[in-house]
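Quick notes on the structure that follows.
The values are calculated or read from the model by the stated rules, or taken from the named source; none is laboratory data. Because the structure is a prediction, the values reported are computed rather than measured. Counting neighbours? That spans all protein chains shown, and the Cβs are built from the backbone with ideal geometry, glycine included. Heads up: the accessible areas ignore ligands, DNA and RNA and are worked out on the full protein's heavy atoms, side chains in. Shrake-Rupley method; radii C 1.70, N 1.55, O 1.52, S 1.80 Å.
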Amino acid sequence: MDLGFWPLAIAIGLPFVAAAGMPRLYPLVGERIGYLGAAVAAVSFGLLGTQIGTEGSVSRPWIPSLDVAVRLHADGLALLFALLASGIGILIFAYATSYMHGKPDLGRFYMALLAFMGSVLGVALAADLLLLFLFWELTSVCSFVLIGYHTEDAESQYSARMAMVITVGGGLCLLVGILFVAIAAETAGIGAFDLAAILERNDAVRVALEETGLFTPALVLLVIAAAAKSAQVPLYFWLPRAMVAPTPVSAFLHSATMVKVGVYALGRVRPLFHGTEWTSLVATLGIATMAVGALLAVLARDIKELLAYSTASHLGLMVAAFGFRSRYGAEAGVFHLLNHALFKAALFLVAGVIAHEAGTRHIDELGGLRHDLPVTAVITALATLSMAGIPPFSGFYSKEILFEATWETAQTGGGVAWLYPAAAVFASVFTVLYSLRFLWLFFGDRPDGLGSIHRAPGALVVPPAVLAGALLLVSVRPSAVIDLIVNDAARATAVGVVDIHAGIPRHVSGPVVMSVITVSAGFACFPFYTEIRGILEGVSTATARVHPTTVYRSTLGTVDRTSRLVRSRVQNGLIRTYVWWLLLSACALTAAGYASTAVGIPAPAMAETPVAVVLVLSVAVVAAIAVASAESHVTGVLTLGILGFMIAIFYILGSGADLALTQLVVETLLLLIFLLVLEEIPEFYGELKRGRALRDAALSVVVGTTAFVSVLLAAPERGADPTPTAVFYVTNAVPEGGGANVVNVILTDFRAFDTLGESIVVIIAALSVLVLLTMRDRGETQ
Amino acid sequence: MTGTIAIAPVVVALVAGTTTLLARRWPRLQQTVSIGSALAYAYSVALLVRTVVFAPDGAAIAYQLGGWHAPFGITLVADALAVFMLAMTAIVAVYAVIFSVRFIEAANQRVYYHPLFHFLLLGVTGAFLTGDLFNLFVWFEVMLMASYVFVSFYGNSEHTAAAVRYVVLNVVGSALMLLGIGGLYATTGTLNMADMAQQLAQPGVDIRPVVGLSAFVFVTFALKAGLAPFQFWVPSAYRSAPIPIVAIFVGATKKVGIYAIIRLYFTVFGTANVTVAAPGITGRSPLVLLAPVLLTVGVLSVLVGGFGAVTRDSLDGLFAYSSIGQLGFVVIPLGIAAAAPSESLRQSGILAALVFALHHALTKSVLFFSTGVIRDATGTTRLSELGGIGKRSPAFAGVFLVGGLSLIGIPPLAGFFGKLFVFNAAARQFAAATSGDIAATGSALAILLVLLLGAVLTVLYSTRAWMGSVWGHETEAVAMGTIDRVEVTVLATLAVVVVVVGVGFEPVYHFADAAARAAIDTEAYTEAVGVGGG
């Protein structure tokens, strides 16, 4: 069957349409609206299911000028991820309808959940870098809204904001990384944002990336983005905090789908970036996360927290797998993507059942639940054993392939590369430990404090049971699933040929030994769980200062302190400071302009200056100094008057009679107005500090010098011809303008538009007086 | 005369100001005239946009006032860049008038609010359209005077204090600008910008002082745009002015500063025939010196605005600081454009600045109007006194969310494309610099990092604004108030514009791209004015 645009577009679009309708529908339908969500997910799932086995891209234009289009691409990997999201979506909506019974704001809740599902499907199927980014960011936004479901709860708010900051911050890195790739793609002659084409011709793009020196920057940025989204070290800390969201959200977003978006993206770009740098960055990051996550999961006291850290650890496993270059890397990553989604979603739903029925999520308060929740116990057994990687459960197969990948890398790399298998085994031992601990909630002894536990309603048990059924299928008949989709999916991300084998190993080999060590050490250590946890707690307390959460908190603290500093130091409310910076910057920039163009400063023609001008200007300078140092307002105003009148005389000496008249009028009015308002002004402003006065004096000298130099530079040479404009005005004033005074004709005719503007300024000034008087003390309301 | 349409928006705003002044005895009539005028203004701008950009034979048009041909009279020039700015202004202006009628107390509206509003709009319009340097100064004065009244409008001590700060800084700025214009006129012998560009490009004329003299004008533009270290007036002025006017400040008057920088430096000074040599920078255009200045100013703005916004208690204060930071995002790509070695990078830098400016005008309007709705309902904008609005009015919460997400730059909203283009310019600069020396790579990397930091700070303060007002426990102030449904409906349509600009980005891109090309096409500009070809 050919790949169609509409099945994919509808699969992505329908959840959004349904989401948009939610606020209107919810009041009509009520809580059962959750089943509508399940139906939407089922439609998407069905549509995607029809596309299994197809491969290719389809597109519709969006922004042709930028070569951005709604490009969708289906292949094994995309479909596997999309089917997981929609398939688990069906179960989550069904589960949520029962779980969220009686909770407030369900319209908004389902709206965000549906939009979220659409976004994940979009990420899975997008074959345009900008489209991918769009859906990527939307998953972050939906996650923010859903983590903050309890809007009044301070902890929810804190966690939602943390998730937003980390994932959107990571998104910024993704954006820049995408732009780097786009630049390289353009260089290689490929449509900038066409991901499918870029991957198809990944060699050319890679060469372009390396030639432009953008390979490493792009790689690092994309890895940071994926690490933020997929909770890798050290950006994992938002994930456990995201557990304040209702359990269906945790199961859907924060275990099965959204957090895998980063892993998925790494899988997608793997063929473009694979190589030594890729392995040393991605595989190391993944293995480190795998170990840290597992250790933290052992430390956890809350079942959802345990599962959250475990999720981080398993995401690390997938990231690590994608980090290894061999075919095993691709196989392990993809296969574990499927297995983890199944067992972790099931376990979260189980955690929801426990919290719902037992009323607590505290690990130490729970135990022996198998008597009360027998079906759930079976589901849990399947899921935890798969999570622990115990043969013959599904998780074992994918983990075994990862071991093969690490082993192979170590053999070819040698030396430090042996740390990969060592660390993988180390992390896996702890995985076995915490998996058993979770299982022990059902099979251990029942603590005394635990109250009576209700039998879980069917609606809460069926969804995890379906997942457990799927797990059983993968465990018993792995080849069926592999042939159906997993092999295709691995091929999409692999560099070479893939051929997944899943089964119980029959020969002793390095990876098999690794598995044997893992399982036996895990079981051997389990009796000492409390002691191990004690040791880890000690380590955790000792390293508290470098915990990412602590770093995050203290960084936010620093930001807040800087913010207050901006308020108190920069925006200090003093006009003096403000004007100081304005003048200083102006002078500095002007001086820089003169210096960089090497203008020679012409000497003022002192000899040619008439004595009268020198005299008048000297008086003006003296008056200016007197204004600045005047003791009282009256003296200040009067000396200011002297300054003004000297300038008027200067105009007269320069034969600017009309200017002089204007100046005289202005000065007289100013003097009068000042004298009138002086009464209202306080006599005394306070002490002027000596240092400040000196600083201001220095600045005024700088300003004066700059202005003086500017005038010298701009003044036309003596005897220079008048400009064409001046000649035009003089020639045309009488015949065309009809006025003998050129200045008048300029003001009223040649440049009358200026005069119009200035008249409006005068009108506004008049209005401003009226406004100030009318609104005096009126405030914003009467 | 095809050029007549270029003056249409100016005439509409002028008539609007006068008519509303005359109609002030009849408040209803005044409001109707005011809204009608704003719509007429938008219509005239739309006509201009069609003629200049979207018509098959679209080209810049000029109107020679009084029939005095350039360079002797004053010329209005409507090219793609000018009409882009006008279009942005028109959208914000229509919403601002409608919102004013609903939001400002009826008694206060009667205190010359509407005439002043249209005169402010007139100043902005004149500044965008004029092709004459001194005339630009005149429209700056009109804008300054009108904004001054609005900052002090409410007349309490804090408003007066803000107005004094505003007016002192701007009067100093005006003096500097006048000094600069005088110097430029004396050096080049012309005030007509197209003519000036030609004079500057001529070989053999000593125009070296222009580089220094233009700094005076630059400082005034930066002051208008509220860029650090000239941002001091912004927070208090924004908190004092009536909220619909703040939208005009954000959407229009600040953008006048940005427009003037682009117009003067890229169109007029860009082709100047002058050698600039300073430590680390050498080149044959005043732009070489402008580049580090713009980048520094931009980086400072991003930091001061971004950090400043994070802990502000009032929403309007928070958004005021935010707009300082966001203007940094406009100026940094301009700096990249000024430093650009290639024409294409120069154009993408300007394009980024324009797209971001458009997004900022629309998004910030949504957010400031939202702040207005909140104040109207609760009587406060303090986050410490707010909370739980989302439960009271999910519709309002939806609008506010669109504004906040656009501010953060979430696709497919308008803000995303702003962010995309700014980062694109920075990424391209980085890509071009990787083959260069360490200093170039380092500075390109530093700019990318500052942009990233600025964007993360935006997430921090936007989420804080959201959680402090829409989420959280319902406070007494919120419980007592009612959210005005009409205001929310009007606001929702503006939020739709923010979405539509993003989803239907193709024509917006076409428009902004034409504007960016017009900004660096000095030849087309001088030709339109009619001084081209010698």
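For the range A:1-120, list the helices (runs of 4 or more DSSP H) that sit wholly inside it and hold at least 3 residues that are within 14 Å of chain B (Cβ to nearest Cβ); which are they? I'd like the intermediate steps shown before the answer.
Numbers: elements: A:5-29, A:33-49, A:76-99.
Ranges flagged: A:5-29.
Out of everything in the range B:138-147 that is within 7 Å of chain A (Cβ to nearest Cβ) and open to solvent by less than 10 Å² (accessible area, probe 1.4 Å), what residue ends up being farthest from B:Val111 (Cα to Cα)?
Taking the range B:138-147 first, the residues within 7 Å of chain A (Cβ to nearest Cβ) are B:138-139, B:141-142, B:145-146.
Next, from what is left, pick out any that are open to solvent by less than 10 Å² (accessible area, probe 1.4 Å): B:138-139, B:142, B:146.
On the way: B:Val138: 25, B:Trp139: 23, B:Val142: 18, B:Ala146: 13 Å.
So, considering only residues that are within 7 Å of chain A (Cβ to nearest Cβ) and open to solvent by less than 10 Å² (accessible area, probe 1.4 Å), the one farthest from B:Val111 (Cα to Cα) is B:Val138.
Each row is one residue, and each column tells you yes or no for (1) under 19 Å from A:Ala256 (Cα atoms); (2) surrounded by 20 or more Cβ atoms within 10 Å (Cβ to Cβ); (3) small (Gly, Ala, Ser).
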position: A:Thr139; (1), (2), (3): yes, yes, no
position: A:Leu179; (1), (2), (3): no, yes, no
position: A:Ala192; (1), (2), (3): no, yes, yes
position: A:Ala228; (1), (2), (3): yes, yes, yes
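For B:Ala70, only one of the following conditions fails: (1) surrounded by 22 or more Cβ atoms within 10 Å (Cβ to Cβ); (2) aliphatic (A, V, I, L, M); (3) modelled with pLDDT of 95 or more. What is its number?
(3)
Quick test for you: out of B:Gly58, B:Gly67, pick the one residue that is of a type outside the set (D, E, K, R) and either touching a Pro at 6+ places or on another chain (Cβ under 7 Å) or under 30 Å from B:Tyr185 (Cα atoms) (or both).
Working: B:Gly58 fails: either touching a Pro at 6+ places or on another chain (Cβ under 7 Å) or under 30 Å from B:Tyr185 (Cα atoms) (or both).
The unique qualifying residue is B:Gly67.
In the range A:361-375, which residues are of a type in the set (Asp, Glu) and either touching a Ser or Thr at 6+ places or on another chain (Cβ under 7 Å) or assigned to a loop (DSSP other than H, G, I, E, B) (or both)? Step through it out loud before you land on a result.
Keep residues of the range A:361-375 that are of a type in the set (Asp, Glu), which gives A:364-365, A:372.
The answer is A:Asp372, and nothing else.
Is there a residue in the range B:363-371 that is touching a helix residue (DSSP H, G or I) at 6+ places or on another chain (Cβ under 8 Å), assigned to a helix (DSSP H, G or I) and more than 19 Å from B:Pro235 (Cβ to Cβ)? Lay out the reasoning, then the answer.
Step one: list which residues in the range B:363-371 are touching a helix residue (DSSP H, G or I) at 6+ places or on another chain (Cβ under 8 Å), which gives B:363-371.
Filter again for assigned to a helix (DSSP H, G or I), leaving B:363-371.
Then drop every residue that is not more than 19 Å from B:Pro235 (Cβ to Cβ), which leaves B:366.
Yes: one or more hits.
Which condition does A:Ala417 not pass, out of (1) open to solvent by less than 40 Å² (accessible area, probe 1.4 Å); (2) touching a residue at least 24 places away in the same chain (Cβ under 8 Å); (3) farther than 19 Å from A:Ile303 by Cα, if it passes all the others?
(2)
Please state which of the following conditions A:Ala628 fails to meet, knowing it meets all the rest: (1) more than 7 Å from chain B (Cβ to nearest Cβ); (2) surrounded by 11 or more Cβ atoms within 10 Å (Cβ to Cβ); (3) free of Cβ contacts under 8 Å to residues at least 60 places away in the same chain; (4) under 56 Å from the mean Cα position of the chain (by Cα).
Unmet for A:Ala628, out of (1) more than 7 Å from chain B (Cβ to nearest Cβ); (2) surrounded by 11 or more Cβ atoms within 10 Å (Cβ to Cβ); (3) free of Cβ contacts under 8 Å to residues at least 60 places away in the same chain; (4) under 56 Å from the mean Cα position of the chain (by Cα): (3).
Residues to consider are B:Val168, B:Val101; find the one that is more than 11 Å from chain A (Cβ to nearest Cβ) and open to solvent by 20 Å² or more (accessible area, probe 1.4 Å).
Unique residue meeting the criteria: B:Val101.
Yes/no matrix, rows are residues, columns are (1) closer than 25 Å to A:Trp580 by Cα; (2) at pLDDT 90 or above; (3) acidic (Asp, Glu); (4) part of a helix (DSSP H, G or I):
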| position | (1), (2), (3), (4) |
| --- | --- |
| A:Leu640 | yes, yes, no, yes |
| A:Ile652 | no, yes, no, yes |
| A:Ser655 | no, no, no, no |
| A:Thr662 | no, yes, no, yes |
| A:Glu667 | no, yes, yes, yes |
| A:Gly686 | yes, no, no, no |
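Output the residue which, of all residues in the range B:421-455 that are within 24 Å of B:Trp466 (Cβ to Cβ) and touching a residue at least 40 places away in the same chain (Cβ under 8 Å), is nearest to the chain's Cα centre (by Cα). Write out each step before concluding.
Residues of the range B:421-455 within 24 Å of B:Trp466 (Cβ to Cβ): B:422-423, B:451-455.
Right, trim to touching a residue at least 40 places away in the same chain (Cβ under 8 Å) and you get B:422, B:451, B:453-455.
Values: B:Val422: 16, B:Leu451: 19, B:Leu453: 23, B:Gly454: 19, B:Ala455: 19 Å.
Only one residue tops the list, namely B:Val422.
For the range B:454-480, name all the residues that are closer than 23 Å to B:Ala427 by Cα and open to solvent by 10 Å² or more (accessible area, probe 1.4 Å).
Within the range B:454-480, B:Val456 is the sole residue that qualifies.
Pick from the range B:215-235 the residues that are surrounded by 24 or more Cβ atoms within 10 Å (Cβ to Cβ) and part of a loop (DSSP other than H, G, I, E, B): which of them is farthest from the chain's Cα centre (by Cα)?
B:Phe232
So which residues in the range A:347-384 are in contact with a His (Cβ under 9 Å, 6 or more places away or on another chain), under 17 Å from A:Asp445 (Cβ atoms) and among the acidic types (Asp, Glu)?
The answer is A:Asp372, and nothing else.
If you take the residues in the range A:739-754 that are open to solvent by 60 Å² or more (accessible area, probe 1.4 Å) and part of a helix (DSSP H, G or I), which one is nearest to the other protein chains (Cβ to nearest Cβ)? I'd like the intermediate steps shown before the answer.
We begin by selecting, within the range A:739-754, every residue open to solvent by 60 Å² or more (accessible area, probe 1.4 Å); these are A:740-741, A:743-744, A:747-748.
Now restrict to residues that are part of a helix (DSSP H, G or I): A:743-744, A:747-748.
Details: A:Val743: 14, A:Asn744: 15, A:Leu747: 12, A:Thr748: 10 Å.
Within the range A:739-754, the match that is nearest to the other protein chains (Cβ to nearest Cβ) is A:Thr748.
May I ask you to list pairs of residues, at least six apart or on different chains, whose Cβ atoms are under 6 Å apart, with the first in the range B:273-296 being free of Cβ contacts under 8 Å to residues at least 12 places away in the same chain and the second being of a type in the set (S, T, N, Q) and open to solvent by 30 Å² or more (accessible area, probe 1.4 Å)?
Filtered contacts from the range B:273-296: B:Arg284/B:Thr275.
When you go through (1) closer than 29 Å to A:Ser563 by Cβ; (2) open to solvent by 10 Å² or more (accessible area, probe 1.4 Å) one by one for B:Leu451, which number turns out not to apply?
Condition (2) is where B:Leu451 drops out.
Just give me the residues in the range A:680-732 being within 21 Å of B:Ile181 (Cβ to Cβ) and loosely packed, with under 10 Cβ neighbours inside 10 Å, in sequence order.
Within the range A:680-732, A:Glu717, A:Ala720 meet the criteria.
If you check B:Phe150 against the conditions, is it open to solvent by less than 10 Å² (accessible area, probe 1.4 Å), within 12 Å of chain A (Cβ to nearest Cβ) and more than 16 Å from B:Ile243 (Cβ to Cβ)?
On the way: open to solvent by less than 10 Å² (accessible area, probe 1.4 Å): yes; within 12 Å of chain A (Cβ to nearest Cβ): yes; more than 16 Å from B:Ile243 (Cβ to Cβ): no.
For B:Phe150, the condition - open to solvent by less than 10 Å² (accessible area, probe 1.4 Å), within 12 Å of chain A (Cβ to nearest Cβ) and more than 16 Å from B:Ile243 (Cβ to Cβ) - is not met.
So, of the residues in the range B:32-66 that are assigned to a helix (DSSP H, G or I) and of a type in the set (Val, Ile, Thr), which turns out to be most open to solvent (accessible area, probe 1.4 Å)?
Here is the first cut: in the range B:32-66, the residues assigned to a helix (DSSP H, G or I) are B:32-54, B:65-66.
Now drop any that are not of a type in the set (Val, Ile, Thr), which leaves B:32-33, B:35, B:45, B:49, B:51-53.
On the way: B:Thr32: 92, B:Val33: 37, B:Ile35: 49, B:Val45: 3, B:Val49: 17, B:Thr51: 50, B:Val52: 9, B:Val53: 18 Å².
Only one residue tops the list, namely B:Thr32.
Filter the range A:317-339 down to the residues that are surrounded by 24 or more Cβ atoms within 10 Å (Cβ to Cβ) and not hydrophobic (A, V, I, L, M, F, W, C), then identify the one that is farthest from A:Phe252 (Cα to Cα).
So in the range A:317-339, the residues surrounded by 24 or more Cβ atoms within 10 Å (Cβ to Cβ) come out as A:317-324, A:328-337, A:339.
If we keep only those that are not hydrophobic (A, V, I, L, M, F, W, C) too, we end up with A:323, A:328-329, A:331, A:333, A:336, A:339.
On the way: A:Gly323: 25, A:Tyr328: 28, A:Gly329: 25, A:Glu331: 24, A:Gly333: 19, A:His336: 17, A:Asn339: 15 Å.
Looking at the filtered set, the residue picked out is A:Tyr328.
Going through A:Arg553, A:Arg564, A:Arg576 one at a time, which residue ends up being within 14 Å of chain B (Cβ to nearest Cβ), under 58 Å from the mean Cα position of the chain (by Cα), among the charged types (D, E, K, R) and farther than 30 Å from B:Ser236 by Cα?
Numbers: A:Arg564 fails: farther than 30 Å from B:Ser236 by Cα; A:Arg576 fails: farther than 30 Å from B:Ser236 by Cα.
Result: A:Arg553 is the single residue among A:Arg553, A:Arg564, A:Arg576 that is within 14 Å of chain B (Cβ to nearest Cβ), under 58 Å from the mean Cα position of the chain (by Cα), among the charged types (D, E, K, R) and farther than 30 Å from B:Ser236 by Cα.
Across the range A:155-164, which residue is farthest from B:Met467 (Cα to Cα) among those that are open to solvent by 10 Å² or more (accessible area, probe 1.4 Å) and in contact (Cβ under 8 Å) with a residue 24 or more places away in the chain? Walk me through how you get there before you give the answer.
Start the filter on the range A:155-164 by keeping residues that are open to solvent by 10 Å² or more (accessible area, probe 1.4 Å), which leaves A:155, A:157-158, A:161.
Then keep just the ones that are in contact (Cβ under 8 Å) with a residue 24 or more places away in the chain; that gives A:155, A:158.
Values: A:Glu155: 12, A:Tyr158: 9 Å.
The qualifying residue farthest from B:Met467 (Cα to Cα) is A:Glu155.
Check whether at least one residue in the range A:755-772 is over 23 Å from B:Met143 (Cβ atoms), aliphatic (A, V, I, L, M) and either more than 7 Å from chain B (Cβ to nearest Cβ) or buried (at least 20 other Cβ atoms within 10 Å of the Cβ) (or both), and report yes or no. Outline the logic, then answer.
Just the residues of the range A:755-772 that are over 23 Å from B:Met143 (Cβ atoms), to begin with: none.
Within the range A:755-772, not a single residue is over 23 Å from B:Met143 (Cβ atoms), aliphatic (A, V, I, L, M) and either more than 7 Å from chain B (Cβ to nearest Cβ) or buried (at least 20 other Cβ atoms within 10 Å of the Cβ) (or both).
Would you be able to say whether some residue in the range A:247-267 is open to solvent by 10 Å² or more (accessible area, probe 1.4 Å), out of contact with any Phe, Trp or Tyr (no Cβ under 9 Å at 6 or more places or on another chain) and more than 30 Å from A:Trp440 (Cβ to Cβ)? Don't jump to the end; show me each part of the working.
Restricting attention to the range A:247-267, the residues satisfying the condition of being open to solvent by 10 Å² or more (accessible area, probe 1.4 Å) are A:265.
Still in the running and out of contact with any Phe, Trp or Tyr (no Cβ under 9 Å at 6 or more places or on another chain): none.
There is no residue in the range A:247-267 that is open to solvent by 10 Å² or more (accessible area, probe 1.4 Å), out of contact with any Phe, Trp or Tyr (no Cβ under 9 Å at 6 or more places or on another chain) and more than 30 Å from A:Trp440 (Cβ to Cβ).
Please go through the range A:124-158 and pick out each residue that is acidic (Asp, Glu) and either in a helix (DSSP H, G or I) or under 20 Å from A:Arg108 (Cα atoms) (or both). Talk me through it step by step, then tell me what you get.
Here is the first cut: in the range A:124-158, the residues acidic (Asp, Glu) are A:128, A:137, A:152-153, A:155.
Selection gives A:Glu137, A:Glu152, A:Asp153, A:Glu155.
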